[in-house]
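Notes follow once the structure below has been shown.
The values are calculated or read from the model by the stated rules, or taken from the named source; none is laboratory data. A quick note: this is a predicted structure, and the numbers were derived from the prediction, not measured. Note that we place each Cβ from the backbone using ideal geometry, even for glycine, and neighbour counts take in every protein chain shown. Accessible surface areas use protein heavy atoms only, side chains included; no ligands, DNA or RNA. Shrake-Rupley method; radii C 1.70, N 1.55, O 1.52, S 1.80 Å.
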Amino acid sequence: MDTFALCFVFVLAGFLGFELIAKIPSQLHTPLMSGSNAISGATVISAIVATGTNITDTMQTILALSALILATINVVGGYLITNKMLSMFQKKSQ
């Protein structure tokens, strides 16, 4: 793919992701986010593969690296929120 197509897909994915998350009610946001960690994990693996391939274009390398960083932030944040949510349901020790 050429650089323009990769940039277009990257911007489109970011825009669609933001719009979809913004439309979800807050009661459903945490369970859906914890469920999406597997998808983000697959994105991390794909980004590692994309970053490790023999890319000659600097823009493609930057996009692959930014996808890796953003997906990793999403996975870590999702697990932190899931942990916080689950801790609300644990019995408090006295």
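Heavy-atom accessible surface of the chain, averaged per residue, reaches 77 Å², computed with a 1.4 Å probe.
Just order 37-44, 62-69 by mean Cβ neighbour count inside 10 Å, highest at the front, would you? Walk me through the intermediate numbers first.
Details: 37-44: 15.2, 62-69: 16.8.
Final packing ranking: 62-69, 37-44.
The helix-only estimate of mean residue ellipticity at 222 nm for the chain, built from DSSP H runs of length n ≥ 4 each weighted as -39500 (n - 2.57), is -27500 deg cm²/dmol after division by the residue total.
Per-atom-type breakdown for the chain gives carbon and sulfur 73% of the accessible area (1.4 Å probe, protein chains only). How much accessible surface area, in Å² rounded to 10, belongs to the heavy atoms of V76 with a 1.4 Å probe? Surface accessible to solvent at V76 totals approximately 80 Å². Convex hull volume per residue, computed on the Cα atoms of the chain, equals 98 Å³. Based on the Cβ-Cβ distance from F89 to I62, what FRET efficiency comes out when R0 is 35 Å, to the nearest 0.05? Efficiency, rounded to the nearest 0.05: 0.25. Helix 37-52 and the longest principal axis of the C-alpha atoms of the chain enclose an angle of approximately 30°.
Between Y79 and A42, the FRET efficiency from the beta-carbon distance, with R0 = 25 Å, is close to 0.95.
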